[in-house]
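What follows is one structure encoded as structure tokens, with my remarks underneath.
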Amino acid sequence: MSTVHPVTAGASEQEQTGAGPLAWEQELNPWLAAEARFNLAAGRLGMDEGLQKVLRTPARELTVYIPVMLDDGRIEVFTGYRVQHSIARGPAKGGVRYAPDVTLEEVRALSSWMTWKCAVANIPFGGGKGGVICDPAVLSQSELERITRRYTADILEFIGPEKDIPAPDMNTNEQVMAWMMDTYSMHNRQTTTAVVTGKPLDLGGSRGRREATGRGCMIAALEALKRFGLEPGQTRVVVQGFGNVGGMAAVLMARAGFKIVCVIEYDGAVYNAGGLDIGALMEHRRETGSITGFAGGEDMDRQEALYLPCEVLLPAAKENVITSRTAPKLNCRILLEGANGPTTAPADEILAEKGVFVVPDILANAGGVTVSYFEWVQDRMGYFWSEQVVNDRLTEMMVAGFDSVMQYAQAHGVHNRTAAYMLALDRVAFAIKLRGLYA
Ligand code: NAD
């Protein structure tokens, strides 16, 4: 059932630190990106080689083949994965994504990211991730339900509130989590809401979860501004991706007084030097299906929009947006990484040379997993908090995470991303040392 992955070889030490000319495919490879950051942080910590081996190797990987009857009576077999990178600090935690191009390597990389993110947020979880190779765009709701239920049944022994807690990710949502929770509960003959997070409110979901990642970005932005002596009213923000993370961050940041001067989507960008009316822009998109043609701003080229002068650039769409090709042209002071992996390892070096203050993804977008943790706590308590309590506790944890990363950056003389990884590696390694190796 379990397989140990081969430790990725190939990139030279110089390349792994992002200083050298990585081949383009290597630059975009998520596992190599995770390795590059890991190597840099482990090196700066002077971490023991053996401990490094433990930390870079996933604890468990499961591949399942999911036979499902389609609506037209044909049988199809889908491939699904669940990887638990680490359970050193607590049960594994991480989303499940449905996409035609999911690979085990990608799931593996994302599961290690979850370990580091949970450690930076200082929540008692390890890291996990799951995926099913399928195209939700061509599947009916009932086909999706059957895939979800059979996938859940096939990974049943792997997951559980004390073992591994899945959540939504790309192309999965509250409904998929409700099916997973129900399948797990039916097999165990007891309703177990804490087995997944990101559930509907009526099934043990948490207030504030939907807004949590965007809210976390806003909190991190406010903390970053303090380092520059800037007020939100003096702060121009460019947001890429107007979905759950970017859309919510834009709403909350606009409410806090930031000037959202540009929003970039896959089909265009809209600009207003005086600040966009985000509520009106959302309404416009709801009506027309696009942010373009908005009366409260002017359309502009989406690539050029990324290079607009601004105080905060918030990439909140997808991975590999800030690369060795785009980073030299950025004109932001703060790069707030709402998306997972928006910046490649070689781009890190360029940003450092340009003096861009990076709030790395494992810190900036940790609001989501933090409120997922709150959801799990509330499910286990059977007592649900008000939205205000959720938001206050989220603020407290985001600020604490931000301060810890800044302290590491200062104490070790490193950039913020390396500091975040050093903090995470330190915390996970400490847990492993305390627990010892069971043999
Ligand atoms: P989403 O699908 O709700 O939103 C993404 C948005 O980006 C969509 O509106 C999409 O049209 C747009 N987009 C896609 N490609 C684009 C491109 N090339 N240029 C501009 N816009 C583009 O997804 P989301 O949940 O907001 O997630 C966004 C990112 O944040 C992902 O990297 C995700 O892994 C990460 N993230 C999400 C959460 C969460 O709680 N949702 C938590 C942590 C990290």
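From the list 379, 348, the lone residue that is acidic (Asp, Glu), under 30 Å from residue 190 (Cβ atoms) and either touching a His at 6+ places or on another chain (Cβ under 8 Å) or not in a loop (DSSP other than H, G, I, E, B) (or both) is 379. On the stretch given as region 142-190, residues that are open to solvent by 60 Å² or more (accessible area, probe 1.4 Å) and in contact with a strand residue (DSSP E or B) (Cβ under 6 Å, 6 or more places away or on another chain) total 4.
The criterion of at least 1 residues that are open to solvent by 60 Å² or more (accessible area, probe 1.4 Å) and among the hydroxyl-bearing types (Ser, Thr, Tyr) is met by the following helices (runs of 4 or more DSSP H) wholly inside region 220-323: 278-288. Total residues in region 97-123 satisfying the condition of being in a loop (DSSP other than H, G, I, E, B), open to solvent by less than 50 Å² (accessible area, probe 1.4 Å) and in contact with a helix residue (DSSP H, G or I) (Cβ under 8 Å, 6 or more places away or on another chain): the figure is 1. Considered as a group, the residues in region 324-365 that are surrounded by fewer than 18 Cβ atoms within 10 Å (Cβ to Cβ) and charged (D, E, K, R) include one that is nearest to the ligand (Cβ to nearest atom), and that residue is 325.
Remark: residue 319 matches the filter, which requires a residue to be assigned by TED's automatic domain parsing to the domain that holds residue 346, within 13 Å of the ligand (Cβ to nearest atom), charged (D, E, K, R) and closer than 20 Å to residue 368 by Cα.
The values are calculated or read from the model by the stated rules, or taken from the named source; none is laboratory data. Every value quoted in this text rests on a predicted model; they were computed, and no experiment measured them. Reconstructed Cβ throughout: ideal geometry from the backbone, glycine too, with neighbour counts over all protein chains shown. In case anyone asks, the SASA skips ligands and DNA or RNA and just uses the protein heavy atoms, side chains included. Shrake-Rupley method; radii C 1.70, N 1.55, O 1.52, S 1.80 Å.
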